[in-house]
Every structure is written in structure tokens, then in C-alpha cells.
Amino acid sequence: MKDLKHLYYFENLLQDVNNDLVRQAQEEGQTVIGITCYQIPEIILNLPGCFSVRMRAPRTGSMEMGTYYMTSLTCEYCRAMLERSLEGGYQFLDAMISPASCSQLADCMENIEVLKLCKKEKFFIQHVDTPMKSDENGVNHMIKMSRLKVLNKLKEVYGIDTSDDALKKAVALHNEVCRIITEIGEYRKEENPRITGYEFAVLCLITYCCPKDLILDKLRETAEELKTREPDKDYKKKYRARVLVAGSECDDPELIKLIEEAGALVVADRYCFGSFPGRQELILNEEVDILTQICQQTVIQCQCPRYMNTDRIQERKDYIDQLAKEYHADGLIYQQMKFCNFWGYERAASTHIMRDDYGWPVLSVDRPYVVGNSGQMRTRVQAFVESIEIKKIQGGDR
Ligand code: SF4
Ligand code: SF4
């Protein structure tokens with residue numbers, strides 16, 4: 001396929017958390033807030049005057065220092081972030097919002113705080129307790145936390161306008177981004193998709209890592225370009241299977257590239273930093289308070305295994321089944337960051353349930369944070385693709 005005009009530009013932006021657009025917005029007086037987890041409603045961090053940046057650690061090499069503080073038996077994403085903090089890589093941030101959703105994340109943030117690794121005068125880390133259940137109580141708790149711990153603090157320290165009007169503007173911006181990403185993502189349903197999973201992963205991740213208003217033009221142009229893009233003619237030779245990727249957070253499109261190079265086109269993304277959930281519009285109504293609607297969307301849509309009510313455990317499987325059917329996947333890849341508690345049990349159970357009860361071929365892998373060059377991962381995906389092909393030859397549906 002012809003290269004997307006702005007893909008290289010976007011790829012370059014992803015090489016650094018403090019990228020050109022983040023710097024530009026900050027020079028224009030915007031407050032930058034680092035976030036690490038889907039459970040904090042992204043919309044409330046993108047009010048006029050501030051914006052959120054998903055904290056990543058691109059080009060991570062050694063994690064020795066992070067490991068020293070957190071031990072080698074913890075999630076590498078958290079260790080990589082701590083390492084990057086120790087190197088001074090998050091000095092540009094004005095604040096970090098730290099959810100208590102995952103204890104390893106909380107541990108990482110506590111280290112950053114105790115070691116005083118971000119030195120801006122007004123810098124703060126706000127620890128936010130997130131709900132364990134996605135029911136009405138959970139929503140109410142999230143509303144309270146969002147108001148007390150996030151909005152009030154942003155207003156108090158940085159003078160951010162947290163009024164309903166400001167929230168409405170943030171929702172409008174969020175919706176604009178979501179409309180474009182959804183339009184682009186829909187092409188993955190095509191029999192011969194005009195966009196690869198890797199390209200989509202780059203475009204989607206960009207929307208979490210840059211001030212949204214500064215990427216809109218190029219995103220719109222990309223959506224326009226895709227309307228007439230000719231798909232590859234040798235698609236079937238290159239990709240011998242279509243897969244949905246689910247699991248713990250993935251902030252590195254290189255993982256998707258590796259899977260595709262091994263022969264499986266990634267047609268749907270069900271992980272944090274992906275589009276399901278995260279890039280769905282919020283259509284506001286006049287009856288319910290805006291903050292409530294924002295928190296409802298976050299809590300109800302959230303697919304985090306931290307939610308342990310039985311109906312949500314079941315719903316997570318149904319959601320993946322439904323997405324995989326909608327995007328015409330042949331199989332599922334459950335990937336999990338090594339030592340991730342939540343996805344440890346979710347992946348173990350889902351691997352069997354999705355295979356035995358739902359009939360999907362499933363590849364189940366744990367992985368390091370930096371995975372782009374993993375020969376082991378490549379081999380496992382190749383073997384999975386072959387097993388799907390054999391099933392098809394033998395006449396199985398999936
Ligand atoms: S898997 Fe759960 S805890 Fe981890 S980032 Fe996603 S929402 Fe947060
Ligand atoms: S991958 Fe798992 S352990 Fe690591 S931060 Fe996310 S939820 Fe926590």
C-alpha cells in the first residue's frame with residue numbers, strides 16, 4: 001500500500017513522551033498532566049488550559065534502577081516508567097494523576113514522589129482511589145474522586161477552569177478525535193483492509209500522547225487520504241489470519257508490527273491505550289450532570305479485570321467475542337505484561353473460556369515491556385497463524 005502521508009511524522013512523535021507538540025503546547029502556557037491508566041476519565045484532564053499525556057517509556061533499554069527500587073518481580077511497564085523518571089524523563093510534567101487501580105502503578109508513583117523525581121515548583125502527584133465495581137456506587141465514587149482529587153486540585157494549583165462549560169468543550173474535543181479514530185478503525189472490518197493494525201495503532205496512540213487540538217488537522221487529512229487508499233493486492237499472501245489483540249496495556253505499536261510481520265493482521269485492539277474502549281464518543285444529554293455522564297462512560301465502558309463483579313467478568317468475554325466477530329477475526333491473542341496481577345488471572349481464565357465456550361483459537365502470551373525484537377514472540381505468533389490455517393484447511397469454521 002502507498003505509505004500514509006503523515007505516518008512517519010506520527011511515528012516520530014511517539015519516539016519521545018515530551019515530543020514537539022507537547023513542548024509547543026507547554027510553551028503556549030498549557031499545563032501537562034501525566035496519566036497511566038484508563039480508569040481516570042481522560043476528558044477531565046483535557047479542559048481548556050491543560051491536556052493529558054499517557055506516560056510511556058519509549059526506547060527503554062536497561063531497567064536496572066527501576067528494578068532496584070521495585071524488584072524484578074513487578075510489571076515492566078511500571079519499572080520502565082520509574083527508570084525513565086530516574087533519568088529525568090518526566091521533568092516536563094506539571095502533574096501526575098496516579099490511580100490506585102493497580103498496586104504496582106501506585107508503587108511506581110510513590111517512588112517518583114518520595115524520591116522527588118519531578119522538580120517543578122508546582123508539580124504534584126495526586127493519588128486517586130478508583131472503584132472495584134462498575135455499578136452505581138462505582139460511578140458515584142468516581143464522580144467524587146474526579147471532583148475532589150482531580151478537578152479541584154487543577155483549579156487550585158493551576159487555575160484551570162473546571163466549570164460545566166469547560167467540561168462541555170473537553171467533551172466536544174474528545175468526540176472529534178473519537179469520530180476520526182472510529183472512522184479510520186472501521187476500515188479494519190473490510191475483507192481486504194486498507195489500513196494495517198500497526199498503522200491504526202500509531203494513529204490511535206498518538207491521540208493519547210499529544211495535545212488533541214494539535215493533531216486534529218493531520219488526523220483529518222489521514223482520514224481523507226484513507227477514503228481513496230488502494231488496499232494491498234497481495235493481502236492474503238502477507239496476512240494468513242486476522243486477529244484481535246486483547247490484554248494488558250500496550251503502548252508500543254512495535255508489538256502490533258511484530259504480530260503482523262509474523263502473518264496475522266491485527267483487526268481489533270482490546271487493550272488499554274487502544275481504541276476499545278477509549279475512543280468512543282460521549283453523546284451528552286441535558287438531563288444528567290456532565291461530570292456524572294463522563295464518569296458513567298469511563299466506569300461502564302471500562303474493561304479492566306480489576307472489576308470483579310460476576311456480570312462484568314462475563315461481559316468482558318462477551319465483549320471480546322462480539323468485537324472479534326464484528327471485525328471478522330480468525331483468532332484471539334491474549335497478551336499480558338509479565339507480572340501483571342490483573343491480567344495474570346484474566347488471561348489464564350479467558351484463554352480456556354474463549355477457546356472452550358466460545359470456540360475461538362487463542363494464543364496466550366506474557367511479554368516484556370519492550371517486545372519489538374522478541375524472537376520468541378514472533379515464533380509463537382507464526383505457530384498460531386499456522387494452527388489457524390490448518391483448522392481452516394480441515395474445514396473448521398474458526
Ligand atoms: S488494565 Fe486496568 S489498571 Fe491497567 S491500565 Fe488498564 S484500566 Fe488501568
Ligand atoms: S500492565 Fe498490569 S501491572 Fe502493569 S500497570 Fe498495567 S495493570 Fe498494572
### Task
Kindly list, by first and then second residue, each pair from a residue in segment 116-127 that is at pLDDT 95 or above and basic (Lys, Arg) to a residue that is surrounded by 15 or more Cβ atoms within 10 Å (Cβ to Cβ) and part of a loop (DSSP other than H, G, I, E, B), limited to pairs with Cβ atoms under 7 Å and residues at least 6 apart or on different chains.
Lys120/Asp94; Lys122/Asp94
### Task
Starting from segment 296-318, keep only residues that are of a type in the set (Lys, Arg), then list their pairs with residues that are assigned to a helix (DSSP H, G or I) whose Cβ atoms are within a distance under 7 Å, requiring at least 6 positions of separation or different chains.
Arg306/Phe342; Lys317/Ser350; Lys317/Ile353; Lys317/Met354
### Positions within segment 282-300 being under 24 Å from Asn152 (Cα atoms), away from ligand 1 (no atom under 14 Å from the Cβ) and β-branched (Val, Ile, Thr), in sequence order
Val288, Ile290, Thr292, Ile294
### Task
Assess whether Ser85 counts as being assigned to a helix (DSSP H, G or I), closer than 20 Å to Cys102 by Cβ and small (Gly, Ala, Ser).
yes
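With a cut-off of at least 3 residues that are surrounded by fewer than 15 Cβ atoms within 10 Å (Cβ to Cβ), name the helices (runs of 4 or more DSSP H) lying wholly within segment 107-213.
Those helices (runs of 4 or more DSSP H) span 136-145, 164-186.
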### Task
Can you confirm whether segment 236-251 contains a residue that is buried (at least 23 other Cβ atoms within 10 Å of the Cβ), more than 16 Å from ligand 1 (Cβ to nearest atom), assigned to a helix (DSSP H, G or I) and of a type outside the set (Ser, Thr, Tyr)?
no
### Query
Does segment 364-374 contain at least one residue that is away from ligand 2 (no atom under 16 Å from the Cβ), of a type in the set (Ser, Thr, Tyr), at pLDDT 95 or above and surrounded by 15 or more Cβ atoms within 10 Å (Cβ to Cβ)?
no
### Query
Out of segment 301-341, which residues are within 13 Å of ligand 1 (Cβ to nearest atom) and either of a type in the set (Val, Ile, Thr) or surrounded by fewer than 18 Cβ atoms within 10 Å (Cβ to Cβ) (or both)?
Gln301, Met308, Asn341
### Query
Within segment 360-369, is even one residue more than 11 Å from Ala246 (Cβ to Cβ) and more than 21 Å from the chain's Cα centre (by Cα)?
yes
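Let's see how each residue does on (1) within 22 Å of Leu21 (Cα to Cα); (2) in contact with a His (Cβ under 7 Å, 6 or more places away or on another chain):
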| position | (1), (2) |
| --- | --- |
| Ala80 | no, no |
| Lys116 | no, no |
| Lys119 | yes, no |
| Pro131 | no, yes |
### Query
Within segment 69-80, can one find any residue that is within 16 Å of ligand 1 (Cβ to nearest atom) and among the small types (Gly, Ala, Ser)?
yes
### Message
Criterion first (among the β-branched types (Val, Ile, Thr), within 16 Å of ligand 1 (Cβ to nearest atom) and either in contact with a Ser or Thr (Cβ under 7 Å, 6 or more places away or on another chain) or more than 24 Å from Trp343 (Cβ to Cβ) (or both)) does Val114 satisfy it?
### Response
no
### Query
Among all residue pairs at least 6 apart or on different chains, which show Cβ distances below 7 Å where the first residue, located in segment 363-377, is farther than 10 Å from Glu254 by Cα and free of Cβ contacts under 8 Å to residues at least 60 places away in the same chain and the second is among the polar types (S, T, N, Q) and surrounded by fewer than 17 Cβ atoms within 10 Å (Cβ to Cβ)?
none
### Query
Hey, any hits in segment 305-318 for a residue that's closer than 23 Å to Thr207 by Cβ and under 18 Å from the mean Cα position of the chain (by Cα)?
no
### Query
Only one of Leu93, Leu45, Leu82 is over 27 Å from Thr196 (Cα atoms), at pLDDT 95 or above, within 16 Å of ligand 2 (Cβ to nearest atom) and crowded, with 19+ Cβ neighbours inside 10 Å; which?
Leu82
### Hey, Ser98 modelled with pLDDT under 95 and touching a His at 6+ places or on another chain (Cβ under 8 Å) or not
yes
### Message
List the residue pairs whose Cβ atoms are under 8 Å apart, where the first residue sits in segment 329-349 and is β-branched (Val, Ile, Thr), the second is within 15 Å of ligand 1 (Cβ to nearest atom) and modelled with pLDDT of 95 or more, and the two are 6 or more positions apart or on different chains.
### Response
Ile333/Val245; Ile333/Ala246; Ile333/Gly247
### Task
Please indicate, with yes or no, whether at least one residue in segment 118-131 is closer than 23 Å to Phe339 by Cβ and more than 16 Å from ligand 1 (Cβ to nearest atom).
yes
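The values are calculated or read from the model by the stated rules, or taken from the named source; none is laboratory data. A quick note: this is a predicted structure, and the numbers were derived from the prediction, not measured. Neighbour counts are summed over all protein chains in view; Cβ atoms, including those assigned to glycine, are modelled from backbone coordinates with ideal geometry.
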